[in-house]
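Have a look at the structure below before the remarks.
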Amino acid sequence: MVLLGTTITRAPYAADPARSRGRRYPEPAPRFRSEFQRDRDRIIHCSAFRRLEYKTQVFVNHEGDLFRTRLTHTLEVAQIGRTVARVLGLNEDLLEAITLAHDLGHTPFGHAGQDALNTCMKPYGGFEHNLQSIRIVDELEERYADFAGLNLTFETREGILKHCSRAKAAELGELGKRFLERTQPSLEAQLANLADEIAYSSHDIDDGLRAGLLSIDQMRQAPLVGALFARVERETPALPERRLTYQVVRHLINDLVTDLIETSHWAIQDAQVADIDEVRRHPEPLIRFSDPVRRELRRLKSFLFRNLYRHHRVYRMVSKSKRIVTALFEAFFADPLLLPPQQQARLAALEAEQGPAGRARAVADYIAGMTDRFAIAEHQRLFDPLRLT
Ligand code: MG
């Protein structure tokens, strides 16, 4: 199998910017960049991207400077994805645009914030971070003279929307179609999804050990990584814990990436897809792990769910975060005069259009855009009697 080296030849099944399905508002082609490079650049320059720096991945932003934030997580996903994209001959620019945007819609406090906001939004159509990412790039970013949002290409938007209920899909027109017709997105979109999984599974182990929430003894029993601890300790005995952990995380990323590249390479060969249209029509995703690795990764994820995400120290913060988000939502929804003037104007416009659902959506957009520290400060400003400004 010729997989070694770093070919930059683009395969026929890769997304081709010259054959893009285009932007919602047609624009002249960029002079020096491809359409997907332009998407990537627009994402990097948008304000939601900068705010990723102060949003939680697992640990709340102020808990320590060493932990991953959404921004560093995003960069790790892009880096892992680009390596694989290059080897498989996919479009790196599109892969990069999708990965850099994939978490833009996350609320403060990670999944805890999203769950709380979703509960608040239940009567008004719910809240889902993935749909919120699309809402940000399609509507909420205010940067360009001629349109709201970033006006990204169809291919980047398709990759950002990685899952979606059928009901929501029906509202999304062309973009939602594949969830109704059960077709696949581009290979770049499929890859972004799995690069995300590789990144968070491995860095959460690193952060969890560093925070003292997981122990090395415990990880020796864990699926996938248990064997890696044994291997590193056999090859290089008596390593200090930090180095031991890093070696294991390094091997984990490497093993998962290798499996992903090899399995996907053969899946693409077997399927004999000639272009992106055949990729989309193929009955299943072609970017995938081998069955044994997928099973082990699933077991590792449930191990982490039980031992890390449900750890009482994490859970305590989760519960506190939910109370903050819920209290903010209730206060703003009951009395929009508490919102800054620009948000009041947005709320009035959406409420005039959609009634209470519009009012709720404006509040949810505002809260979802907050960083962890801003949400905490806003909560203090609203509820702490000693904070008068
Ligand atoms: Mg992610």
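Remarks
- Only Cα pairs under 8 Å and 6+ residues apart enter the sum, and on that basis the relative contact order of the stretch 315-383 stands at 34 percent.
- Axial C-alpha extent at least 30 Å, average Kyte-Doolittle at least -0.5 - helices from the chain (DSSP): 187-210, 241-271, 312-334
- Gap separating the Cα centres of the stretch 242-264 and the stretch 63-117, nearest whole Å: 18
- Sparse-neighbour loop sites [chymotrypsin sites (Phe, Trp or Tyr not before Pro); the stretch 22-54; at most 10 other C-beta within 10 Å; DSSP]: 32
- Considering only alpha-carbon pairs that sit under 8 angstrom and 6 or more positions apart, the relative contact order computed for the chain is 21 percent.
- The stretch 139-184-the stretch 322-378 distance, computed between alpha-carbon centres (Å): 23
- Straight-line cross-link partners of residue 168 among the lysines, defined as a Cα under 25 Å from its Cα and at least 8 positions apart when in the same chain: 122, 177, 322.
- With the biggest extent put first, the Cα atoms of the stretch 315-383 measure 39, 20, 18 Å across the principal axes.
- Rounded, prolate or oblate (a/c below 1.5 giving rounded, otherwise prolate when a/b exceeds b/c) for the stretch 52-163 by Cα gyration tensor: oblate
- For the stretch 67-160, trypsin sites (Lys or Arg not before Pro) are listed when DSSP marks them as loop and at most 14 other Cβ atoms sit within 10 Å of their Cβ; the list is 143.
- Straight-distance crosslink candidates among aspartates and glutamates, where the alpha carbon sits under 13 Å from residue 162 and sequence neighbours closer than 8 are dropped: 103, 128, 188, 196, 197
- Relative packing of peptides 365-372, 185-192 - highest average C-beta neighbours within 10 Å first: 185-192, 365-372
- Relative to its Kirkwood radius, the Cα radius of gyration of the chain gives an Rg/Rh of 0.98.
Values in this text are rule-based calculations from the coordinates and carry no lab data. Not measured: the values here are computed from a predicted model. Quick reminder, even Gly has a Cβ in these numbers, built from the backbone with ideal geometry, and neighbours come from all protein chains shown.
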